[in-house]
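*Asks:* Here's a structure for you.
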Ligand SMILES: Nc1ncnc2c1ncn2[C@@H]1O[C@H](COP(=O)(O)OP(=O)(O)OP(=O)(O)O)[C@@H](O)[C@H]1O
Ligand SMILES: [Mg+2]
């Protein structure tokens, strides 16, 4: 009894701690966007309306600080080369091009923003004359054209790589959270859960639901509705995981259902949940009421939005916390013992079902948190989790199914690889690259990067 | 509710071209999973490669469909070899994930905007069907008056398709009663034991992958002929999952399991679809629009299918014709 | 004797008595050379992480006799079996069978060369019938090639002959009435028997048995002992792992002792069991005292329960 209480206490402390970190970090998102000096080259404030605008600015970076370049003609073209709109940069170097029509029409399209070189002042040359942007959200899009001497035609590969790294890191930590849950559940129960993607989507949906509740939640004048939503997703996600286990998987384990059969059950569950989600949430891409359009900070040549930084920091904190829990608490040690050898663990007095229950709660909560944060960073629809499920699997398998560090290492390999590969290949092939990487690594190490070989005989 | 439409529509689908497609795909999976225990979740990839091969031979190179079929078969074998080399040594769960990944790679590459000039991108390809329709001996709708009717084109696809199914079943039956089939079943049970008896497990798995993949290729051909077009949406991951459902309904490791499964699956799916469609249609639907609109009604069949797959796997994993004792799917 | 010949097909090409006599004069030291070795291993090592599971400097197995491989739990016996039969790859080492080097040979090729093993955790093909299990064992089946498989007349006669051979073996291993049962329904001991019978279907030259007697009841054990001896008399070589010292003493011509991955002693059974190093490593203080009947019963019951549990865990 005493032990049970202590275990409970540890878990609660952990949860409270996690909550605190979560709240603290998320407040960063709300606060302190960078303020660029008026005299210099300013960024445009995104609008919060229904249309998509392309915002940008043109700066001469030979000066320190950079100065605005007015009077430059800029056009937007679609994939077929058709011109959709144009603008001329104003006194502060900025321009705004409103795309015609509603935002839905532009989703999934890719547009090119082109500088008219003839309108540039004498003796200057743009470092780039065109940028291609993919419209994935119904947010406004920001583009920046640095102007300098007739120098390199493109930003250096290095700068580009750094910029991609930011996106890659954001994706990696979210992937790692999702992969950790999948891997722990596999480790303790042997279940290859094809419905794990739906746990991710569930988080995004819960946050969305809380966000759409009437009224707004404020603390000291700052709105924190979405923050509460993300926290809610984490908690409700845990409950959902518990429900999954109690209502479905535990009874199946009791019946002694085979692992392959369970894998197929999870496919059925995935199909079921995904369509239920669509039934209630519809098929369109959705965004939360906050953080849709935030002004990025400029660090050197790199753009970094506060929400990206927040997600990275929060993600790392969550990962550190989770792995420390697994490493140092009794329950964590028990979890690893069960993952290592369930029979032996139960023989040494560990309550295996209890451990599995906790793993389900924790794993699903992490997945839901990842889902909600994915929703914050890039918007979501009912297929959010299903779409990245393969990458989550790739991360877990790369690291070796069932190993905790493996899942995290695998997630970072996959996350960074997907983004950085766009340096060399078309962005439309970035998932292909990651999946190929998975196959190649398994070819060399069939047990994954950190997994161990199985015993024969 | 219009029960006549319900019955007619369901029968039409249950025996129609789409049922043929899933039947062939499931026969392939039966070889992989039912007999050999290989969890191939990339059947859609085999279908896609074959379907596109047949179509592009005529749209890009102006060759006949027959040559397209031949190229499709060759490419399928090559795909099976390429997929088999890295994956067949893997554990069952890894194999499942890698084959899904491979199918997704194929789909994303074929549908890429970069290759859309030749492969049609997201829209797919058309304009190859003429020679096939020219051979069509039917020029009037075929069926039983008042019960079920198929258009001449559909019926022509069905004729070809069901003949292919018969051939595939016959081959499966011949193979599975032979010592070769016995080795496959043994591999499903315990591949180390089979290895210890001097059988080249890897070679057998590869043969199984190729043969099952070829049945998948037939499914891919029929997809193209059925729709007179090929596009990436015909080969999504869910297609493989549906084929598994078909297989499991009929019963894995049964020669006729996929046939029964395909007919039953499409009958039930269509019944649900039409029933919910009717209940939400019209000005004064049986189910009020606030609860379910017609878009939501179209989701009901998938919701039920997911639920059905779960319940089937839990309560009757051997399917309708399977023998509980000789059950392929209770692995460790 | 005639029936026996028909069952096995292997004509005794080795003079059993001569082989046994040849062993008599050999120095009982680890790694000693044998007059006619069928299997030779040199500096074979295998580590798992930090643990050295196998570290065998030199080992020879004499043709035509029964060699026992003993050692405490975790000594590396099963791992050595895995390495020698190609189921696992060693870190270093070379080994050869009948003079042919087996380095990097896949398991199935090793088996085809006539070196067949059984598994400590029995591997029966649960959802095949007992007779089908046996038929799988037959080698060089024409119907096992893809094209011939579809034409039954090509393989039917061979199948018939294999079935006859299988039936004979089942008779011998007391499994005849289980012929049509699913192998998964057999008891733990019966599975051991089936696995052994099935391995004989390949007509092996060297049979490697990993704890063939574990979980087999005492009466059946006696008849199994007879079978193992008859394997030798047919001209096969037997290498087996066993924890039951009485059985080892009873049937083996030569004993190899492993501890912590190394061969620590080898020699004729009586010599080895008197060796103090072996007593230290393995047998413990009480090895001389015969087990009382109750003790034996208890240990047997425990073993039986263990096997049952194992079997259930595998279904
Ligand atoms: N795949 C593996 N991974 C890690 N350790 C292993 C593996 N296989 C064997 N071992 C270790 O190697 C050592 C030797 O194991 P092995 O199974 O060969 O012992 P054994 O002599 O057969 O024992 P027993 O008599 O109990 O069967 C043991 O400590 C075991 O834990
Ligand atoms: Mg052992």
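*Asks:* Of the numbered conditions (1) touching a helix residue (DSSP H, G or I) at 6+ places or on another chain (Cβ under 8 Å); (2) more than 22 Å from residue A:377 (Cβ to Cβ); (3) within 14 Å of another protein chain (Cβ to nearest Cβ), residue A:247 fails exactly one; give the number of that condition.
*Replies:* The failed condition is (1).
Here's the yes/no breakdown for (1) at pLDDT 95 or above; (2) within 13 Å of ligand 1 (Cβ to nearest atom); (3) over 17 Å from residue C:260 (Cα atoms):
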{"site": "C:54", "(1), (2), (3)": "no, yes, no"}
{"site": "C:59", "(1), (2), (3)": "no, no, no"}
{"site": "C:64", "(1), (2), (3)": "no, no, yes"}
{"site": "C:90", "(1), (2), (3)": "no, yes, no"}
{"site": "C:94", "(1), (2), (3)": "no, no, yes"}
{"site": "C:104", "(1), (2), (3)": "no, no, yes"}
{"site": "C:120", "(1), (2), (3)": "no, yes, yes"}
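*Asks:* Filter the stretch B:91-114 for residues that are surrounded by fewer than 20 Cβ atoms within 10 Å (Cβ to Cβ) and modelled with pLDDT under 90 and give the result.
*Replies:* Hits for the stretch B:91-114 are B:91, B:92, B:113, B:114.
*Asks:* Something else now. If you go through the stretch C:78-88 one residue at a time, do you hit one that is in contact (Cβ under 8 Å) with a residue 24 or more places away in the chain, more than 14 Å from ligand 2 (Cβ to nearest atom) and assigned to a loop (DSSP other than H, G, I, E, B)?
*Replies:* Checked against the condition, which is being in contact (Cβ under 8 Å) with a residue 24 or more places away in the chain, more than 14 Å from ligand 2 (Cβ to nearest atom) and assigned to a loop (DSSP other than H, G, I, E, B), the stretch C:78-88 yields at least one hit.
*Asks:* Spot the failing condition for residue C:211; the list is (1) within 16 Å of ligand 1 (Cβ to nearest atom); (2) surrounded by fewer than 18 Cβ atoms within 10 Å (Cβ to Cβ), and only one is missed.
*Replies:* (2)
*Asks:* I've got another one for you. Please tell me if residue C:122 is within 16 Å of ligand 2 (Cβ to nearest atom) and within 10 Å of chain B (Cβ to nearest Cβ).
*Replies:* yes
*Asks:* Let me ask another. I need the full set of residues from the stretch C:125-161 which are in contact (Cβ under 8 Å) with a residue 40 or more places away in the chain and more than 7 Å from chain B (Cβ to nearest Cβ), in order please.
*Replies:* Of everything in the stretch C:125-161, those that are in contact (Cβ under 8 Å) with a residue 40 or more places away in the chain and more than 7 Å from chain B (Cβ to nearest Cβ) turn out to be C:129, C:130, C:131, C:133, C:134, C:138.
*Asks:* For the stretch B:189-200, name all the residues that are farther than 19 Å from residue C:147 by Cβ and either at the interface with another protein chain (Cβ under 7 Å from one of its Cβ atoms) or buried (at least 24 other Cβ atoms within 10 Å of the Cβ) (or both).
*Replies:* B:189, B:190, B:192, B:193, B:194, B:195, B:196, B:197, B:198
*Asks:* Separate question: Could you give every pair whose Cβ atoms fall below 6 Å, whose first residue belongs to the stretch A:190-211 and is in contact (Cβ under 8 Å) with a residue 40 or more places away in the chain, and whose second residue is surrounded by fewer than 24 Cβ atoms within 10 Å (Cβ to Cβ) and assigned to a loop (DSSP other than H, G, I, E, B), counting only separations of at least 6 or pairs across chains?
*Replies:* Filtered contacts from the stretch A:190-211: A:211/A:288; A:211/A:289.
*Asks:* Please indicate, with yes or no, whether at least one residue in the stretch B:165-186 is away from chain C (no Cβ under 14 Å) and under 22 Å from the mean Cα position of the chain (by Cα).
*Replies:* Yes, the stretch B:165-186 has at least one match.
*Asks:* Shifting gears a bit: Regarding residue B:274, is this residue in contact with a helix residue (DSSP H, G or I) (Cβ under 9 Å, 6 or more places away or on another chain), in contact (Cβ under 8 Å) with a residue 60 or more places away in the chain and either more than 13 Å from every other protein chain (Cβ to nearest Cβ) or more than 15 Å from residue B:242 (Cα to Cα) (or both)?
*Replies:* yes
*Asks:* Can you tell me how many residues within the stretch C:205-248 are part of a loop (DSSP other than H, G, I, E, B), in contact with a strand residue (DSSP E or B) (Cβ under 8 Å, 6 or more places away or on another chain) and within 16 Å of ligand 2 (Cβ to nearest atom)?
*Replies:* Going through the stretch C:205-248 one residue at a time, the tally reaches 4.
*Asks:* Go through the stretch C:249-261 and give me each residue that's farther than 22 Å from residue B:196 by Cβ and within 16 Å of ligand 2 (Cβ to nearest atom).
*Replies:* C:257, C:259, C:260, C:261
*Asks:* Can you pull out the residues in the stretch B:8-40 that are in a helix (DSSP H, G or I) and touching a strand residue (DSSP E or B) at 6+ places or on another chain (Cβ under 8 Å)?
*Replies:* Residues satisfying the conditions are B:8, B:11, B:12, B:15.
*Asks:* Criterion first (within 18 Å of residue B:232 (Cβ to Cβ) and either touching a helix residue (DSSP H, G or I) at 6+ places or on another chain (Cβ under 7 Å) or facing chain A (nearest Cβ under 8 Å) (or both)) does residue B:72 satisfy it?
*Replies:* yes
*Asks:* Can you find, within the stretch C:224-245, the residue that is farthest from the other protein chains (Cβ to nearest Cβ) among those that are within 16 Å of ligand 1 (Cβ to nearest atom) and farther than 14 Å from residue C:65 by Cα?
*Replies:* C:245
*Asks:* Looking only at the stretch C:85-109, how many residues end up being more than 8 Å from chain B (Cβ to nearest Cβ) and touching a helix residue (DSSP H, G or I) at 6+ places or on another chain (Cβ under 8 Å)?
*Replies:* Qualifying residue count for the region: 8.
*Asks:* Hey, another quick one. Give the number of residues within the stretch C:53-77 that are within 10 Å of ligand 2 (Cβ to nearest atom) and closer than 13 Å to residue C:255 by Cβ.
*Replies:* Of the residues in the stretch C:53-77, 3 are within 10 Å of ligand 2 (Cβ to nearest atom) and closer than 13 Å to residue C:255 by Cβ.
*Asks:* Here's another thing I want to ask about it. Inside the stretch C:34-52, can you point out the residues that are within 14 Å of chain A (Cβ to nearest Cβ) and either more than 16 Å from ligand 1 (Cβ to nearest atom) or more than 15 Å from residue C:82 (Cα to Cα) (or both)?
*Replies:* Hits for the stretch C:34-52 are C:49, C:50, C:51.
*Asks:* Considering only residues that are out of contact with any helix residue (DSSP H, G or I) (no Cβ under 7 Å at 6 or more places or on another chain) and within 24 Å of residue C:121 (Cα to Cα), which ones fall in the stretch C:131-173?
*Replies:* If the condition is that a residue be out of contact with any helix residue (DSSP H, G or I) (no Cβ under 7 Å at 6 or more places or on another chain) and within 24 Å of residue C:121 (Cα to Cα), then C:171 is the only one that fits.
*Asks:* Okay, moving on. Would you call residue B:136 out of contact with any strand residue (DSSP E or B) (no Cβ under 8 Å at 6 or more places or on another chain) and in a loop (DSSP other than H, G, I, E, B)?
*Replies:* Yes; evaluated as a whole, the condition is true for this residue.
*Asks:* For the stretch B:313-322, state whether one or more residues are within 12 Å of chain A (Cβ to nearest Cβ), surrounded by fewer than 18 Cβ atoms within 10 Å (Cβ to Cβ) and either out of contact with any strand residue (DSSP E or B) (no Cβ under 8 Å at 6 or more places or on another chain) or under 21 Å from residue B:37 (Cα atoms) (or both).
*Replies:* Yes, there is a match, as at least one residue in the stretch B:313-322 is within 12 Å of chain A (Cβ to nearest Cβ), surrounded by fewer than 18 Cβ atoms within 10 Å (Cβ to Cβ) and either out of contact with any strand residue (DSSP E or B) (no Cβ under 8 Å at 6 or more places or on another chain) or under 21 Å from residue B:37 (Cα atoms) (or both).
*Asks:* Scan the stretch B:59-87 and report the pairs whose first residue is closer than 17 Å to residue B:101 by Cβ and whose second residue is outside any helix (DSSP H, G or I), with Cβ atoms within less than 8 Å and a gap of 6+ or a chain change.
*Replies:* Once the first residue is closer than 17 Å to residue B:101 by Cβ and sits in the stretch B:59-87, its partners that are outside any helix (DSSP H, G or I) give B:83/B:42.
Condition check ((1) closer than 30 Å to residue B:210 by Cα; (2) more than 16 Å from ligand 1 (Cβ to nearest atom)) across all residues:
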| site | (1), (2) |
| --- | --- |
| C:70 | no, no |
| C:87 | yes, no |
| C:132 | yes, yes |
| C:145 | yes, yes |
| C:158 | yes, yes |
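The values are calculated or read from the model by the stated rules, or taken from the named source; none is laboratory data. The structure displayed is predicted, hence computed values, not measured ones. All Cβ positions, glycine included, derive from the backbone under ideal geometry; neighbour counts span all protein chains shown.
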